[in-house]
1. Hey, could you check the range A:79-128 for residues that are exposed (fewer than 15 other Cβ atoms within 10 Å of the Cβ) and aliphatic (A, V, I, L, M) and say which is farthest from A:Thr146 (Cα to Cα)?
2. Using beta carbons and a limit of 7 Å, which pairs, at least six apart or on different chains, have the first residue in the range B:96-108 and within 20 Å of B:Arg196 (Cα to Cα) and facing another protein chain (nearest Cβ under 10 Å) and the second one part of a helix (DSSP H, G or I) and among the basic types (Lys, Arg)?
3. Any idea which residue in the range A:63-78 is surrounded by the most Cβ atoms within 10 Å (Cβ to Cβ), counting only those that are among the β-branched types (Val, Ile, Thr) and touching a helix residue (DSSP H, G or I) at 6+ places or on another chain (Cβ under 7 Å)?
4. Is it the case that some residue within the range A:112-135 is part of a helix (DSSP H, G or I), farther than 20 Å from A:Leu58 by Cα and in contact with a helix residue (DSSP H, G or I) (Cβ under 6 Å, 6 or more places away or on another chain)?
5. Is it the case that A:Arg213 is in contact with an Asp or Glu (Cβ under 7 Å, 6 or more places away or on another chain), modelled with pLDDT of 95 or more and within 9 Å of chain B (Cβ to nearest Cβ)?
6. Output the residues belonging to the range A:122-146 that are within 25 Å of A:Ile198 (Cβ to Cβ) and among the small types (Gly, Ala, Ser).
7. If I ask for residues that are surrounded by fewer than 17 Cβ atoms within 10 Å (Cβ to Cβ) and under 17 Å from B:Glu116 (Cα atoms), which ones from the range B:27-53 would you list?
8. Residues in the range B:177-191: is at least one more than 8 Å from every other protein chain (Cβ to nearest Cβ), surrounded by fewer than 23 Cβ atoms within 10 Å (Cβ to Cβ), part of a helix (DSSP H, G or I) and of a type in the set (Gly, Ala, Ser)?
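The values are calculated or read from the model by the stated rules, or taken from the named source; none is laboratory data. In this text the structure is predicted, and so the values were computed from the model without any measurement. Every residue, glycine among them, receives a Cβ derived from its backbone with ideal geometry; neighbour counts consider all protein chains shown.
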There are 2 protein chains.
Amino acid sequence: MIATQKNRHAALRERLIDAAERIITVNGLAGLRARDLAREVGCSVGTIYNVFEHLDELILGVGSRTLAMLDTALGAVRLARPYGSMEDAAEDLVRLALAYLEFAAEHTVRWRALFEHRMSEARALPQWFVDQQHALFAQVERPLVTLVPELDPDARRTVARTLFSAVHGIVALGLEEKLISLPFGDLRDQLAATVRAITAGRDELRSIDSAGRGADVPQC
Amino acid sequence: MIATQKNRHAALRERLIDAAERIITVNGLAGLRARDLAREVGCSVGTIYNVFEHLDELILGVGSRTLAMLDTALGAVRLARPYGSMEDAAEDLVRLALAYLEFAAEHTVRWRALFEHRMSEARALPQWFVDQQHALFAQVERPLVTLVPELDPDARRTVARTLFSAVHGIVALGLEEKLISLPFGDLRDQLAATVRAITAGRDELRSIDSAGRGADVPQC
């Protein structure tokens, strides 16, 4: 391709992701149809598949923007200076969890779409998207260096992802009216108390080895 | 209605829930259509809406069976005898969490449908379904009586739901290939270590009052 064609291609990509982003942030993932996208951007449905290999790639383009926003939101609440104490590191984890809750509450539709999307036809997630997730988990790993210094880097990453998942569960079910209906302030307090309990009981996380494997788990 | 009519009505309800259950456990919630249900049961679409007020009610009928199965699965792993020690109560929570993971791994499609379903037109969940959820949380509340005896019953229920949500998050993201891909045994170990950390740090849960409100949560 000559340069102008390349630029046109890149510009169309951006416009399609912009359009998909508008649809997803208002109507969620279920509202996204190639036909509507094509109409909004003023191209044919076929053109979309010239620019993106499949619709999953386009949805990941929007997901990537959501991850970037979340990364910025979490980065903004973290202590900028090095931790002076164990308590600093523990409170940083609490702050990250609360910032995650605020983000999910503010951008609920977009955030939900990030988790509802599954690759079709059992395609693997592309490496660039996995790398972007890792960068996000790295924010959680930093306080863990101080809190659980015994963990090697692989184990620390695994524990960071597990903590993120626990926080995600409290936030996700808390924001549904289905299983939990707590006033928002109380949800914040519950989340903070749980993260504090985990950090207070952090000795239990020391048993995790680099494969994420702990000792002495009872068999069901 | 005369008795025979009532019986026929109840029998048709059961057959429709049976059919919906077969569809949901194979194809998930997205696979459920009134037309297919009517064909499978051999009635008209209109008849479905004679028997159920709306499709949500039918889906909750299947959800209720899932909750009952889960309740049985969790009940089966709990210590039958009274706790002899704090460690007994803590290990019971670990066992419940692992049983939840096993259940989700074994009945993934059915279990996912329970959480994916949202009432349409902002209908509230019926009280009987909420009560059935409460009965499930009661299994988590029992160890908390020993672990955090200071909590009043309302606060204990709130904490039980928060713990359930944290466990749910680890299980849900752990069973997705999206954000975490750990071998199943490692996921078990991560889950057990996290629940143990929470129980070891349980002093932090003591601050929760009956409204679910804790002290000293930083503002973002």
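1. Among those residues, the one meeting the criterion is A:Ala122.
2. B:Leu98/B:Arg188; B:Leu101/B:Arg188
3. A:Thr66
4. The answer is no, given that none of the residues of the range A:112-135 is part of a helix (DSSP H, G or I), farther than 20 Å from A:Leu58 by Cα and in contact with a helix residue (DSSP H, G or I) (Cβ under 6 Å, 6 or more places away or on another chain).
5. Considered against the rule, which asks whether it is in contact with an Asp or Glu (Cβ under 7 Å, 6 or more places away or on another chain), modelled with pLDDT of 95 or more and within 9 Å of chain B (Cβ to nearest Cβ), A:Arg213 comes out as no.
6. A:Ala135, A:Ala138
7. Passing the criteria: B:Asn27, B:Gly28, B:Ala30, B:Gly31, B:Arg33.
8. The answer is no, given that none of the residues of the range B:177-191 is more than 8 Å from every other protein chain (Cβ to nearest Cβ), surrounded by fewer than 23 Cβ atoms within 10 Å (Cβ to Cβ), part of a helix (DSSP H, G or I) and of a type in the set (Gly, Ala, Ser).
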